[in-house]
Amino acid sequence: MDFSFWLSNKEYKLSLQESVDNEIVISLDKRQYRVSVEFISGDEILLNIDGKIHNVIVNSNSLCYSIYVNGQFFKIEKRSVSQILGKKGAKLQKREIKTSMPGRIVKVFVKEGDKVKEGQAVLVLEAMKMQNEIKSPQTGIITKINPAAGDSVETDALLFSVE
């Protein structure tokens, strides 16, 4: 399985292959790593990479992954198809933004029918004692906004739709 991701505006290509003994082999920039995974919770894992243990916490929103590896922070951007292909003005589909973890809505910045730009903050979600701005993944119109400030949301709850 092959992936591309962006870290500090640099693209990386990653390849994953299943191996023996519940391990995977990860190829990145002509280097290979043997990796085994132990899931601690829904967002925390232990990675054994070539015999070295790493504690990893992953949080996600509509624009990026926030990843903490042994306490060091990394932000990995998500890219839309039009961004990857470099097509400006490409017609984007309706996107439904859901939460990846339970939390509480602290503030909502927009209402249904409002125009938003890609990367514009739509609401603030407090989860695991951290406040996260949830941003629009594309320019468009908010067609649905589910929660209000003060509402609690469960994992995979619809936060908003943008078209």
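Please treat every number below as a calculation from the coordinates, not as lab data. This structure is a prediction, so every number in the text was calculated from the model and none was measured. Glycine gets a Cβ as well: all are built from the backbone with ideal geometry, and neighbour counts include every protein chain shown.
Cα-based values for the chain, radius of gyration first and Dmax second, are 17.9, 52 Å.
Computed packing ranks the peptides 134-140, 18-24, 150-156 as 134-140, 150-156, 18-24, most packed first, by mean other Cβ atoms within 10 Å. What fraction, in whole percent, of alpha-carbon pairs in region 1-62 exceed 14 Å separation? When all Cα pairs of region 1-62 are counted, 65 percent exceed 14 Å.
Relative to the Cα centre, what is the charge dipole magnitude of the chain, using +1 at the beta carbon of each Lys and Arg, -1 at the beta carbon of each Asp and Glu, and rounding to the nearest 20 debye? Intermediate results must be reported in sequence, preceding the final value.
On the way: 23 positive and 21 negative charges, 179 e Å.
Computed charge dipole of the chain: roughly 860 debye.
Using the Karplus relation 6.51 cos²θ - 1.76 cosθ + 1.60 with θ = phi - 60°, the per-residue 3J(HN,Hα) values for region 124-135 come to 10, 10, 9, 9, 6, 6, 10, 9, 10, 6, 9, 10 Hz, with x marking Gly and Pro.
Mean residue ellipticity at 222 nm, helices only, the chain: -500 deg cm²/dmol; runs of at least 4 DSSP H residues each add -39,500 (n - 2.57), and the sum is divided by the number of residues. What the phi angles of region 141-147 give under the Karplus curve with 6.51, -1.76 and 1.60, with θ = phi - 60°, is a coupling list of 10, 6, 9, 7, 9, 7, x Hz, glycine and proline written as x.
So what is the orientation-averaged projected area of region 89-162, using the convex hull of its C-alpha atoms, in nm²?
Details: hull surface 17.7 nm².
Quarter of the Cα hull surface area: 4.4 nm².
List the trypsin sites (Lys or Arg not before Pro) in region 13-68 that DSSP assigns to loop (not H, G, I, E or B) and whose Cβ has at most 15 other Cβ atoms within 10 Å. Which are they?
Values: sites: Lys13, Lys30, Arg31, Arg34, Lys52; in loops: Lys30.
Loop-located and lightly packed - Lys30.
For Leu7, nonlocal amide neighbours, meaning residues 5 or more places apart or on other chains whose placed amide H falls under 5 Å from its own, are Tyr12.
Output the pairs from Lys75/Lys117; Lys13/Lys135; Lys13/Lys129; Lys10/Lys107; Lys117/Lys144; Lys13/Lys75 with a Cα-Cα distance over 23 Å in this structure; if there are none, say none.
Values: Lys75/Lys117 21 Å; Lys13/Lys135 25 Å; Lys13/Lys129 33 Å; Lys10/Lys107 32 Å; Lys117/Lys144 16 Å; Lys13/Lys75 16 Å.
Table pairs above 23 Å Cα-Cα are Lys13/Lys135; Lys13/Lys129; Lys10/Lys107.
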